[in-house]
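Visitor: One structure, as structure tokens, below. Some questions next.
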Amino acid sequence: MSSTVVNVGGTKLGDGNFQIIAGPCAIESKNQICNIAKKIKSCGATILRGGAFKARTSPYTFQGIGAPAIKYLLEAKNLTGLPVVTEIVDIAHLDLFEYVDMIQVGARNMQNFELLKALSQTKKTILLKRGIGCTLDELLMSAEYLLDGGNENVILCERGIRTFENSTRATLDISAVPILKQRTSLPVIVDPSHASGDASLVIPMSLAAVAAGADGIMVEVHDHPSEALCDGLQALDIEQFETLVNKIKKIKPFAYDYKY
Ligand code: PEP
Ligand code: MN
């Protein structure tokens, strides 16, 4: 199926190029996000990520710094020219996302149908992440809420599912890439960071995503992973990220080709 090309602040997903979305799990300060943004851009990242509102499993862990974090993210965008993506957890926050290039619906909200319906009424590009216990059909039905409501700017993200395997935080379902490509024309990306929970697994799993013909990856990167307030164990440092980008460039010519 030919691919729908989706625009993220001037960067295109689904046109056959491979996009690298990178940045910290959570925005911790203006300096932190601006510093990381500059470094990942010079390594070859094409879109900046960073969480402002964090949907955490435990109420006792860092919840993100909220609205001010979106301001810092936009400062990092102005500084580097990188388009930005950040997660929405409540439609009441929508006004804060006016200058955000892509709004993420996280795994925990994939079936928050009222949120999807509200986002379908916007023209904002939506990054829809697969729920941890959701099938690909369910992911596609959630995408349908956005499309049917009138928003065609949708990108799907495989981010690992819960299985009996406990060596990893989740199990990356790499077959999601060709299956989604068969069933929809929407761009498909892979998040190897939340799928693995372990920085040492992120490079090989990212390369698997490239080989399977994904349109991009979203990977967590921190300048000091051991000091990260959220998901430090799965964050690549800058040097590892640079290695990853170089390896992606080498194998991209051999990636499975869905005939764009
Ligand atoms: C994230 O990308 O910041 C995140 C929380 O991921 P997920 O919703 O896939 O758990
Ligand atoms: Mn995270």
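The values are calculated or read from the model by the stated rules, or taken from the named source; none is laboratory data. What you are looking at is a predicted structure, and each value in this text was computed from that prediction instead of being measured. Using ideal geometry, Cβ is built from the backbone for each residue, glycine included, and neighbour counts are taken over all protein chains shown. Accessible surface is based on the protein model in full, side chains and every heavy atom, while ligands, DNA and RNA are left aside. Shrake-Rupley method; radii C 1.70, N 1.55, O 1.52, S 1.80 Å.
Visitor: Just to verify a number: what accessible area does S175 come out at with the full protein assembly present, 1.4 Å probe, Å² rounded to tens?
Guide: 50 Å²
Visitor: Turning to a different aspect of this structure: If you restrict to DSSP beta bridges whose two residues both lie in the chain, what percentage is antiparallel, to the nearest 5? Please report the intermediate quantities before stating the final value.
Guide: Details: 4 of 31 bridges.
DSSP beta bridges in the chain are roughly 15 percent antiparallel.
Visitor: Then there's this: May I ask you to list the chymotrypsin sites (Phe, Trp or Tyr not before Pro) in the range 89-152 that are in a DSSP loop and have at most 13 other Cβ atoms within 10 Å of their Cβ? Intermediate results must be reported in sequence, preceding the final value.
Guide: Numbers: sites: F97, Y99, F113, Y145; in loops: Y99.
When the chymotrypsin sites (Phe, Trp or Tyr not before Pro) of the range 89-152 are filtered for loop state and at most 13 Cβ neighbours within 10 Å, Y99 remain.
Visitor: Heavy-atom accessible area per residue, the range 12-168, 1.4 Å probe: how many Å²?
Guide: On the way: 6740 Å² over 157 residues.
Computed with neighbouring chains in place, this is 43 Å² per residue.
Visitor: Please report, in whole Å, how far the alpha carbons of the range 151-260 spread along each principal axis, starting with the longest.
Guide: Between the extreme Cα coordinates on each principal axis of the range 151-260 lie 41, 33, 30 Å.
Visitor: Something else about it: Could you give me the percent of Cα pairs per 5 Å distance bin for the chain, shortest bin first, beginning at zero and ending with the bin that holds the maximum distance?
Guide: 1, 7, 14, 19, 22, 19, 12, 5, 1, 0
Visitor: Could you pull the accessible area for I155 with a 1.4 Å probe, rounded to 10 Å²?
Guide: For I155, the solvent-accessible surface is approximately 0 Å².
Visitor: Shifting gears a bit: If you place +1 on the Cβ of every Lys and Arg and -1 on the Cβ of every Asp and Glu, how big does the dipole about the Cα centre of the range 109-242 come out, in debye to the nearest 20?
Guide: Details: 10 positive and 19 negative charges, 108 e Å.
That gives the range 109-242 a dipole magnitude of about 520 debye.
Visitor: List the Cys residues of the chain that have no partner Cys with a C-beta closer than 4.7 Å.
Guide: Result for the chain is C34, C43, C134, C157, no neighbouring Cys Cβ within the cutoff.
Visitor: Pick from T171, T184, T57: which residue has the top mean-square fluctuation in a GNM of the chain where Cα pairs under 10 Å get a spring?
Guide: Checking each option, the largest mean-square fluctuation is seen for T57.
Visitor: Another one. If I take every Cα pair under 8 Å that is 6 or more residues apart in the chain, average their sequence separation and divide by the length, what percent do I get for the relative contact order?
Guide: Working: 588 pairs, mean separation 53.1, N = 260.
The normalised contact order for the chain reaches 20 percent.
Visitor: Considering only DSSP states other than H, G, I, E and B, which chymotrypsin sites (Phe, Trp or Tyr not before Pro) in the range 33-63 qualify as loop sites with at most 12 other Cβ atoms within 10 Å? Can you show the working numbers first?
Guide: Working: sites: F53, Y60, F62; in loops: F53, Y60, F62.
Answer in residue order: Y60.
Visitor: Show me the trypsin sites (Lys or Arg not before Pro) within the range 116-192 that DSSP assigns to loop and that have at most 15 other Cβ atoms within 10 Å of their Cβ. Intermediate results must be reported in sequence, preceding the final value.
Guide: Values: sites: K117, K123, K124, K129, R130, R159, R162, R169, K181, R183; in loops: K123, K124, R130, R159, R162, R169.
Of the trypsin sites (Lys or Arg not before Pro), the ones in loops of the range 116-192 whose Cβ has at most 15 other Cβ atoms within 10 Å are K123, R162.
Visitor: Compute the distance from the alpha-carbon center of the range 81-128 to that of the range 200-227, in whole Å.
Guide: Cα centres, the range 81-128 to the range 200-227: 22 Å.
Visitor: Continuing with the same structure: Given a Förster distance of 45 Å, report the FRET efficiency between N17 and F164 from their Cβ-Cβ distance, rounded to the nearest 0.05.
Guide: On the way: r = 37 Å, r/R0 = 0.81.
The computed FRET efficiency comes out at 0.80.
Visitor: Using a 1.4 angstrom probe on the protein heavy atoms only, could you order H224, H93 from most to least accessible area? Let's see the in-between values first.
Guide: On the way: H224 95, H93 45 Å².
The residues order as H224, H93, largest area first.
Visitor: Moving to a separate point now. Leaving out ligands, DNA and RNA, and with a 1.4 Å probe, what % of the accessible surface on the chain is carbon or sulfur? Could the numbers behind the result be given before it?
Guide: On the way: 5810 of 11190 Å².
C and S atoms contribute 52 percent here.
Visitor: Continuing with this model, one more query. Subtracting the Cα-Cα distance from 0.36 nm times the residue separation, let me have the gained length for E98 to F254 in nm, one decimal.
Guide: Details: separation 156, 0.36 × 156 = 56.16 nm, distance 3.81 nm.
Residue separation times 0.36 nm, minus the Cα-Cα distance, leaves 52.4 nm.
Visitor: Here's a follow-up. Any chance you could look up the accessible area of M110 with a 1.4 Å probe, heavy atoms only, rounded to 10 Å²?
Guide: Roll a 1.4 Å probe over it and M110 shows about 0 Å².
Visitor: If you don't mind, another one. Using 7 Å Cα-to-Cβ label points, what is the S185/K247 separation (nm, one decimal)?
Guide: 3.4 nm
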